[in-house]
Every structure is written in C-alpha cells, then in structure tokens.
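Visitor: Take a look at this one; I'll ask things after.
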Amino acid sequence: MIGILLVALGGALGSVLRFGVNIITYKFFDINFPWGTIFANLTGCFVIGLIWAILDTFDEPKNFKLFLITGLLGGFTTFSSFALENFNMFRAGEIKLVAANILISNIAGIFLVFVGYYLTRQTLQALK
C-alpha cells in the first residue's frame, strides 16, 4: 500500500511540475510549438539517467525508485521511462529490440492518435 501512495504522491508532484514548465515555456515562447513538452521530456531523460546511475551504484530502497522514477518522473514525463528502457536494452546489446521499440512506439502511437481521433469524430457526428 505504501508503494501506491508513493507513486501517487510522486505522480501528482511530477504532473504539477510539468504543468508549471508548460506555463513558463508558453510565456517565453509565444509560438505554436511544444517547447514545454520537449523541455519536460529531455529534462526527464537527463534526470532519470542521473537517478539510474545512483541506483546502479548504491543499494537504494525500492520506495525511493517508486517515488522518484515511477511517480515523479512518470508524472513529469513518461518519455523518460521510454528512454531508460531503450538505454537498458542498448546496454544489453539488444539493438534490434531498441529499434523495434522506437519504431513501434512512435509510429503506432501517432497512428493510434489519428485512429482514436477519427473514430471519435465519426461517432460524435453520427450521434448528432
């Protein structure tokens, strides 16, 4: 139960941080480009690398991982988890799996956004 609470607390904090980054970014860059998302994703990747190096070096408690990696960084960006998973597969020499994960996640993800959007629009128009 404590793990769930730590993930929830970290996730809430990470989401609020991401929201703040987006607000600040849009104040400074008043253009139609997702600088806030890019900043959050890249910062999250850097921070997850730092944390993972610490966790590889020291025997940190599981709750520490749950709060920081799954919760805080998961709420801030899930892209950091995606990057870490690819990094670990790359370190293990699984280059084909890295390529497959990147291609499947990106291409299928964008495709499914279009499918979800299109199906929902069609359904809503049919209900009118």
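Bear in mind that the values in this text are calculations on the coordinates, not laboratory data. Predicted, not measured: the structure shown is a model, and the values here were computed from it. Virtual Cβ from ideal backbone geometry, glycine too; neighbours counted across all protein chains shown.
Visitor: Under a Cβ-only charge scheme (Lys and Arg +1, Asp and Glu -1), can you give me the dipole magnitude of segment 2-77 about the Cα centre, in debye to the nearest 20? Write out the running numbers ahead of the final one.
Guide: On the way: 4 positive and 4 negative charges, 37 e Å.
So the dipole magnitude of segment 2-77 works out to roughly 180 debye.
Visitor: Given only helices, namely DSSP H runs of n ≥ 4 each adding -39500 (n - 2.57), what is the per-residue ellipticity at 222 nm of the chain, to the nearest 500 deg cm²/dmol?
Guide: On the way: 6 runs with 95 residues, N = 128.
It comes out at -24500 deg cm²/dmol, rounded to the nearest 500.
Visitor: Kirkwood Rh over alpha-carbon pairs of segment 84-128, then Stokes-Einstein at 10 °C and 1.306 mPa s: what D in µm² s⁻¹, rounded to an integer?
Guide: For the chosen part, D equals 128 µm²/s.
Visitor: A follow-up question, please. Could you give the Stokes-Einstein D for the chain in µm² per second, using the C-alpha Kirkwood radius, 37 °C, 0.692 mPa s?
Guide: The Stokes-Einstein estimate is 196 µm²/s.
Visitor: Next question, about the same structure. For the pair LEU127/PHE29, report the inter-label distance in nm, with labels modelled 7 Å from Cα in the Cβ direction.
Guide: Calculated label separation equals 3.6 nm.
Visitor: GNM on the chain, C-alpha springs below 10 Å: top fluctuator among PHE28, PHE90, PHE67?
Guide: PHE28
Visitor: May I pose another question? If I take every Cα pair under 8 Å that is 6 or more residues apart in the chain, average their sequence separation and divide by the length, what percent do I get for the relative contact order?
Guide: Details: 105 pairs, mean separation 41.3, N = 128.
Relative contact order, the chain: 32 percent.
Visitor: Dipole of the chain, Cα-centred, from +1 at each Lys and Arg C-beta and -1 at each Asp and Glu C-beta, to the nearest 20 debye?
Guide: Details: 8 positive and 6 negative charges, 90 e Å.
Rounded to the nearest 20 debye, it is 440 debye.
Visitor: Right, here's the next one. Using alpha carbon centroids, what distance separates segment 91-128 and segment 43-68, in Å?
Guide: Between the Cα centres of segment 91-128 and segment 43-68 lies a distance of 29 Å.
Visitor: Which residue fluctuates most in the GNM of the chain (Cα springs below 10 Å): GLY116, GLY49, GLY20?
Guide: GLY116
Visitor: Oh, and also: Who wins for biggest fluctuation among VAL113, VAL98, VAL47 in a Gaussian network model of the chain, springs between alpha carbons below 10 Å?
Guide: Result for the chain, Cα springs under 10 Å: VAL113 fluctuates most.
Visitor: Given 0.36 nm per residue, what is the gain on full extension from ILE102 to SER15 after removing their alpha carbon distance, in nm? Walk me through the numbers on the way to the answer.
Guide: Values: separation 87, 0.36 × 87 = 31.32 nm, distance 2.41 nm.
Going from the current span to full extension adds 28.9 nm.
Visitor: Let me ask another. Using Cα pairs under 8 angstrom and six or more residues apart, how large is the relative contact order of segment 2-77, in percent?
Guide: Values: 78 pairs, mean separation 47.3, N = 76.
Relative contact order of segment 2-77: 62 percent.
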